[in-house]
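A short worksheet on the structure shown next.
The values are calculated or read from the model by the stated rules, or taken from the named source; none is laboratory data. Every value quoted in this text rests on a predicted model; they were computed, and no experiment measured them. Every residue, glycine as well, gets a Cβ built from its backbone with ideal geometry; the counts of neighbours run over all protein chains shown.
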Amino acid sequence: MVKVTIDGIEIEVEPGTTILNAARQIGGDVVPPTMCYYSKLNGSGGKCRTCIVKVAQGSAKDPRPMPKPVASCSTPVQDGMVVQNITSPELLEARKGVVEMLLINHPLDCPICDQAGECDLQNLSYEHGLSKTRYEEEKNTYEKIDIGPYIKLNMNRCILCYRCVKLADQLTDKRVHGVLNRGDAAEIGTYIHNSIENDFSGNMIDVCPVGALTDRTFRFKSRVWFVDPKNAHRDCKKCSGKVVLWMHGKDDIYRVTGRKDKYGELEEFICNECRFDKKDIKDWVVEGPRVMERSSVIAQNQYVLKEPPHRINLNSVELVSKNVLTEGGN
Ligand code: SF4
Ligand code: FES
């Protein structure tokens, strides 16, 4: 085991563990945000620099600091390493610069974007962004295209995190999309607009951290905070069948997604049949309300505190759905 100290908290981890995963083992605010790393996708990470940290001491053997911030998702810990994330003001300043770069070509169209309310970039800019931009050039713009019957690509919003490409490589049998060109001309493209038709392609929607890939069966049906998420499962031959049903009223299923963990990553990938074809409540065994993060806008107006307010620590409270949505009422 090797010892590493992150924001003053010491932990022992397996050799080869990345700084990010060591921080995740500690949990809480010391965990750097991520936009391209995805623990279930091999080779992900290293693209967006959101997860940068300051290495104040390289190791016990060589205590020199690292000269620049490093991507925590792809830097392994060394024994005796000392890392700073939220305890370093200059690192937080550097992360603001990363967010500013990510937003250079990203449109500020959150009011009309289907990902609003569950967009990692929206959350990141809220927590680490600047309220204005210094960028004066015109943003890159692209036509929206349909990738097959279920997925809409809005390249204007893509941050080129490569998650969807890794997913298509590793989870589907025939990838027909990828990143074309390089530098500021890079874009997600499907070769001659081939559609993506395979059983697990819908997971690309869930791994996309922004609104670049959205569910055509759900687009513009409802704001995500007006629907009521419930855990449900079915007996499925292709996947675990464990999903979240996004309900409107008691019986209408507006959308089906996989279940995401506290880092916004899918716990398990689900098949397209569960995601797109099973929109009848009779297809599912509903387990109960999905517990949402206290900070999530999805929790607004629908959730009550698990414990009475006088007993809770507001930093760690979880909220649980009260299921107050009624038919037709948002
Ligand atoms: S479409 Fe989404 S998942 Fe794919 S590279 Fe762009 S931002 Fe990442
Ligand atoms: S999450 Fe580490 S570089 Fe993107």
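Quick notes
- Residue match in the range 61-71 (condition: outside the structural domain of residue 261 (by TED's automatic domain parsing), in contact with a Ser or Thr (Cβ under 7 Å, 6 or more places away or on another chain) and modelled with pLDDT of 95 or more): no
- Residue satisfying condition, being over 22 Å from the mean Cα position of the chain (by Cα) and either modelled with pLDDT of 95 or more or hydrophobic (A, V, I, L, M, F, W, C) (or both), within set 87, 75: 87
- Of all residues in the range 16-43, those satisfying the criterion of being part of a loop (DSSP other than H, G, I, E, B), surrounded by fewer than 23 Cβ atoms within 10 Å (Cβ to Cβ) and hydroxyl-bearing (Ser, Thr, Tyr) are 17, 39.
- The criterion of at least 3 residues that are in contact (Cβ under 8 Å) with a residue 24 or more places away in the chain and aliphatic (A, V, I, L, M) is met, among helices (runs of 4 or more DSSP H) falling completely within the range 115-211, by 163-171, 203-207.
- Subset tally (residues that are more than 28 Å from residue 183 (Cα to Cα) and within 16 Å of ligand 1 (Cβ to nearest atom)) for the range 41-96: 0
- For the residues 249, 264, the requirement of being surrounded by 13 or more Cβ atoms within 10 Å (Cβ to Cβ) and either closer than 18 Å to residue 208 by Cβ or among the hydrophobic types (A, V, I, L, M, F, W, C) (or both) singles out 264.
- Residues of the range 255-271 satisfying the condition of being among the aromatic types (Phe, Trp, Tyr) and more than 16 Å from residue 200 (Cα to Cα): 263
- Residue check for residue 53: touching a residue at least 60 places away in the same chain (Cβ under 8 Å) and either crowded, with 16+ Cβ neighbours inside 10 Å or assigned to a strand (DSSP E or B) (or both): no
- Count of the range 34-58 residues which are on the phi > 0 side of the Ramachandran plot and more than 6 Å from ligand 2 (Cβ to nearest atom): 1
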